[in-house]
Amino acid sequence: MTKPILELNAFGAGSTAVLGDALAAAIARRTRLFGAASVLFYDEPLEFVHGEGCWLYDAAGTAYLDAYNNVPSVGHCHPRVVDAVTRQLSRLNVHNRYLHPGIMEYAERLLASMPPDLSNIAFTCTGSESNDLALRLASSFSGGDGVIVTAAAYHGNTSRVTEVSPSSYKRGMPPPHVRVIPAPDSSAAFAADVAAAIADLADHGVKFSALIVDSIFSSDGVFADPPGFLRAAVDVVHRARGLFIADEVQPGFGRTGTALWGFQRHGVHPDIVTLGKPMGNGYPIGAAITRPQILDGFCRKVGYFNTFGGSPVAAAAGLAVLDVLREDGLLENAVTVGGRLKEGLAALSRRHAVIGDVRGAGLYLGVELVENDAGTPAAQLATAVINDLRKRRILIGAAGRFGNVLKLRPPLCFSAANADLVIAALDEVLTHASRPTPASRAPRP
Ligand code: PMP
């Protein structure tokens with residue numbers, strides 16, 4: 001059974017007894033307000049007041065190294081993005097049914113980075129909205145609604161997108177039009193799994209519409225290599241007249257280092273590309289990009305408008321992010337610092353038997369923790385390691401079906417010195433700790 005994504009590295013309400021009065025009171029207040037939907041990270045939740053570059057600061061001024069957050073992907077509060085947003089916000093911010101040069105310049109720059117036939121863009125505010133639109137576009141174009149997803153995929157929170165996000169299910173099965181296939185741990189089997197799922201949909205009278213994947217398979221536990229392994233699966237999809245949706249919410253905007261987009265690393269040609277998270281460095285903006293033919297058919301039936309999508313301020317944030325990525329050399333940085341981090345983690349794996357695998361590309365890395373040579377997932381250990389690193393003021397997260405993969409996904413301005421700090425701290429934690437704390441075993445409400 002897949003561990004629900006919201007339970008990974010989550011604070012357990014049973015553990016407030018070990019916390020100080022002020023923190024316990026803040027947590028109680030939050031729980032009162034947000035009820036069962038309140039999710040916090042870590043056994044000892046954190047409250048931050050300021051961010052800068054790769055660092056987050058609490059009210060006492062204590063600095064935490066952020067090796068987790070990809071939304072502020074060019075760095076927390078990057079002055080160039082802050083300045084662009086502030087200037088545009090004080091001049092004009094309105095929905096996009098008026099002409100505005102900023103949003104057109106931004107659309108042109110994004111589309112110039114895509115395969116030429118993907119020449120239309122619809123702006124949204126979140127990755128969920130982008131994927132919701134992508135699924136609707138795919139259904140409209142294909143005339144079917146059969147969708148294939150990976151076992152611990154997460155694609156967002158709308159009703160339609162939750163159906164194709166197995167990592168969100170706390171109980172129950174995927175709906176009849178969704179087929180769930182294993183994450184590409186053995187990448188050779190992936191195309192065959194896609195073919196089998198298409199055949200199974202047909203056997204059950206469901207017309208195939210789309211395969212949707214996050215090309216770094218982040219919630220599945222980070223599967224990046226070998227580059228190109230997606231090609232055979234995408235060929236299978238196209239032969240079956242289905243669409244391939246590349247969810248770039250995680251790998252997009254330079255995260256994998258060698259290319260702006262994760263699908264480029266695999267040399268595949270999507271029919272729809274969806275964007276979100278890092279796109280505005282914290283300003284909410286997303287998009288779905290596709291061929292005019294796909295969008296035209298959909299717009300003849302319902303059309304699409306998103307009040308806040310593609311506002312002048314959103315465009316200003318997005319343009320500033322593209323500028324900073326280039327001017328600060330952040331793709332190159334993802335290659336060099338990501339490479340250094342990966343090598344350091346691989347070196348740790350030779351000394352700590354609990355590290356079963358180190359995977360990833362650029363500044364998106366997964367460290368799989370196992371209990372034995374058979375690869376039994378060490379999920380409790382992963383939770384303990386994450387909390388021990390947090391005590392050492394280093395922030396990482398968890399991923400994977402069983403929550404046993406450490407997820408390292410820092411802002412792209414992460415430095416070599418930052419990477420060395422993470423490696424040294426993880427070395428210490430794996431040497432000393434390995435015992436889950438009582439709090440991390442506490443049940444969630
Ligand atoms: N797709 C992927 C791969 C994601 O990881 C996420 C968010 N974690 C989403 C889509 C949804 O994005 P949002 O939360 O901004 O709606």
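The values are calculated or read from the model by the stated rules, or taken from the named source; none is laboratory data. Model, not experiment: these values are computed from the prediction. Virtual Cβ from ideal backbone geometry, glycine too; neighbours counted across all protein chains shown.
Please verify whether the stretch 175-197 includes one or more residues that are closer than 18 Å to Glu248 by Cα, free of Cβ contacts under 8 Å to residues at least 12 places away in the same chain and either touching a Cys at 6+ places or on another chain (Cβ under 8 Å) or in a helix (DSSP H, G or I) (or both). Within the stretch 175-197, none of the residues are closer than 18 Å to Glu248 by Cα, free of Cβ contacts under 8 Å to residues at least 12 places away in the same chain and either touching a Cys at 6+ places or on another chain (Cβ under 8 Å) or in a helix (DSSP H, G or I) (or both). When each of Asp357, Asp373 is tested for being charged (D, E, K, R) and modelled with pLDDT of 95 or more, the lone residue that passes is Asp357.
Does Phe253 satisfy the condition of being part of a strand (DSSP E or B), crowded, with 23+ Cβ neighbours inside 10 Å and within 16 Å of the ligand (Cβ to nearest atom)? It is false that Phe253 is part of a strand (DSSP E or B), crowded, with 23+ Cβ neighbours inside 10 Å and within 16 Å of the ligand (Cβ to nearest atom). For the stretch 103-128, the candidate set comprises residues that are surrounded by 19 or more Cβ atoms within 10 Å (Cβ to Cβ) and over 23 Å from Gln264 (Cα atoms); within that set, the residue that is farthest from the ligand (Cβ to nearest atom) is Ile103. The set of residues in the stretch 224-250 that are within 19 Å of the chain's Cα centre (by Cα) and either away from the ligand (no atom under 13 Å from the Cβ) or of a type in the set (A, V, I, L, M) (or both) comprises Ala224, Asp225, Pro227, Leu230, Phe244, Ile245, Ala246, Val249.
Cβ separations smaller than 6 Å between residues 6+ apart or across chains give the following pairs from the stretch 226-247 residues that are part of a loop (DSSP other than H, G, I, E, B) to residues that are of a type in the set (A, V, I, L, M, F, W, C) and surrounded by fewer than 23 Cβ atoms within 10 Å (Cβ to Cβ): Ala240/Ile198. Looking only at residues in the stretch 144-155 that are crowded, with 24+ Cβ neighbours inside 10 Å and small (Gly, Ala, Ser), which one is nearest to the ligand (Cβ to nearest atom)? Per the stated criteria, the residue is Ala153. Scanning the stretch 42-88 for residues that are small (Gly, Ala, Ser) and crowded, with 17+ Cβ neighbours inside 10 Å, we see that the one that is nearest to Val422 (Cα to Cα) is Ala67.
Which of the residues belonging to the stretch 59-110 are of a type outside the set (S, T, N, Q) and more than 21 Å from Val324 (Cβ to Cβ)?
Selection gives Ala59, Ala60, Gly61, Ala63, Tyr64, Leu92, Val94, His95, Arg97, Tyr98, Leu99, His100.
Reported count of residues in the stretch 190-224, each being within 16 Å of Ala151 (Cα to Cα) and either of a type in the set (Phe, Trp, Tyr) or at pLDDT below 95 (or both), is 3.
Scanning the stretch 256-270 for residues being charged (D, E, K, R) and in a loop (DSSP other than H, G, I, E, B) gives a total of 0. Going by what's in this entry, would Pro116 be described as without any contact (Cβ under 8 Å) to a residue 12 or more places away in the chain and within 30 Å of Val164 (Cβ to Cβ)? When the stated conditions are applied, Pro116 passes them.
Being assigned to a loop (DSSP other than H, G, I, E, B) and surrounded by fewer than 24 Cβ atoms within 10 Å (Cβ to Cβ) is the filter; apply it to the stretch 271-286 and report the residue that is nearest to the ligand (Cβ to nearest atom). Going through the qualifying residues, I end up with Pro284. Consider the stretch 287-320 and keep the residues that are touching a Leu at 6+ places or on another chain (Cβ under 6 Å) and part of a helix (DSSP H, G or I). The one that is surrounded by the most Cβ atoms within 10 Å (Cβ to Cβ) is Val313.
The residue pairs whose first member lies in the stretch 418-440 and is at pLDDT 60 or above, whose second member is acidic (Asp, Glu), and whose beta carbons are closer than 7 Å, counting only pairs six or more residues apart or on different chains, are Val429/Asp388; Ala433/Asp388.
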